[in-house]
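First up is the structure itself, then whatever we jot down about it.
The values are calculated or read from the model by the stated rules, or taken from the named source; none is laboratory data. If you're wondering where the values come from, they're calculated on a predicted model, not measured in any experiment. For neighbour counting, all protein chains shown are included, and Cβ atoms are generated from backbone atoms with ideal geometry for every residue, glycine included.
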Amino acid sequence: MNWKYPLVGAVTFVALHRVLVVTWQTWFHGGGGHSPWFMNTVDSVLLAMAVFFVVNVMVCLLMPQPRVEETSLAACQVVAGAIVPMVVTLATLPEGPGNMAPVAIFIGIIIVVVPSVAGALVGFAVRKAILALHS
């Protein structure tokens, strides 16, 4: 396991949450009275998915000579890194994590893993296309 990918995931989630906190009232119209959390509005879910998609495209493009299975594994490692700050953030929300916290974490992982793997595969395809053009 490469320690860089979980670190990328953790930093990405923390940065995403910070953006949500700063822009919650303007971009997300207060989230319907809820605290800033990436699953509290459809727009924030879509933002999280887009961010993790783009980050994983970039991770794949920067990998030295990746194979398709390495890109998928790297995406899963990025997600694994995002889980820790996701749990900490949920646990420290002002209204508390609630009794459905395990379900929220599971759904949060799904929301992050799908675009992460898709982004890694797109990055792999783009990289292969670029290499094919140069050969």
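For every residue, the table says whether it meets (1) in contact with a Phe, Trp or Tyr (Cβ under 9 Å, 6 or more places away or on another chain); (2) in a helix (DSSP H, G or I); (3) modelled with pLDDT of 95 or more.
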position	(1), (2), (3)
Val22	no, yes, yes
Phe52	yes, yes, yes
Met58	no, yes, yes
Gln77	yes, yes, yes
Pro85	yes, yes, yes
Pro97	no, no, no
Ile105	no, yes, yes
Ile110	no, yes, yes
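Conditions: (1) of a type outside the set (S, T, N, Q); (2) surrounded by fewer than 21 Cβ atoms within 10 Å (Cβ to Cβ); (3) over 13 Å from the mean Cα position of the chain (by Cα). Val54 meets all but one. Number of the miss?
(3)
Evaluate the following for Phe38: is it at pLDDT 95 or above, more than 14 Å from Ala120 (Cα to Cα) and in contact with a helix residue (DSSP H, G or I) (Cβ under 6 Å, 6 or more places away or on another chain)?
It is true that Phe38 is at pLDDT 95 or above, more than 14 Å from Ala120 (Cα to Cα) and in contact with a helix residue (DSSP H, G or I) (Cβ under 6 Å, 6 or more places away or on another chain).
Any idea which residue in segment 91-116 is surrounded by the fewest Cβ atoms within 10 Å (Cβ to Cβ), counting only those that are closer than 16 Å to Leu47 by Cα and in contact (Cβ under 8 Å) with a residue 60 or more places away in the chain?
Filtering segment 91-116 down to residues closer than 16 Å to Leu47 by Cα leaves 107-116.
Now narrow it down to the ones that are in contact (Cβ under 8 Å) with a residue 60 or more places away in the chain: 107-108, 111-112, 114-116.
Values: Ile107: 13, Gly108: 23, Ile111: 19, Val112: 28, Val114: 15, Pro115: 23, Ser116: 29.
Applying the filter and picking the extreme gives Ile107.
When you go through Trp27, Trp37 one by one, which is the residue that is surrounded by fewer than 18 Cβ atoms within 10 Å (Cβ to Cβ), of a type in the set (Phe, Trp, Tyr) and in contact (Cβ under 8 Å) with a residue 12 or more places away in the chain? Reasoning before the result, please.
Details: Trp37 fails: surrounded by fewer than 18 Cβ atoms within 10 Å (Cβ to Cβ).
That would be Trp27, the only listed residue that is surrounded by fewer than 18 Cβ atoms within 10 Å (Cβ to Cβ), of a type in the set (Phe, Trp, Tyr) and in contact (Cβ under 8 Å) with a residue 12 or more places away in the chain.
Which residue out of Met49, Met63 is touching a Pro at 6+ places or on another chain (Cβ under 7 Å) and surrounded by 14 or more Cβ atoms within 10 Å (Cβ to Cβ)?
Numbers: Met63 fails: touching a Pro at 6+ places or on another chain (Cβ under 7 Å).
Criteria check complete, one pass: Met49.
Can we say Val88 is surrounded by fewer than 16 Cβ atoms within 10 Å (Cβ to Cβ), within 18 Å of the chain's Cα centre (by Cα), of a type outside the set (D, E, K, R) and under 16 Å from Ala10 (Cα atoms)?
Details: surrounded by fewer than 16 Cβ atoms within 10 Å (Cβ to Cβ): yes; within 18 Å of the chain's Cα centre (by Cα): yes; of a type outside the set (D, E, K, R): yes; under 16 Å from Ala10 (Cα atoms): yes.
The answer is yes for Val88.
List the pairs whose first member sits in segment 59-71 and is under 24 Å from Val11 (Cβ atoms), whose second member is among the aliphatic types (A, V, I, L, M) and buried (at least 19 other Cβ atoms within 10 Å of the Cβ), and whose Cβ atoms are under 6 Å apart, counting only residues at least 6 apart or on separate chains?
Val59/Ala74; Cys60/Ala120; Thr71/Ala120
For segment 35-50, does any single residue satisfy the condition of being under 26 Å from Leu131 (Cβ atoms), among the acidic types (Asp, Glu) and part of a helix (DSSP H, G or I)?
Taking every residue of segment 35-50 in turn, none turns out to be under 26 Å from Leu131 (Cβ atoms), among the acidic types (Asp, Glu) and part of a helix (DSSP H, G or I).
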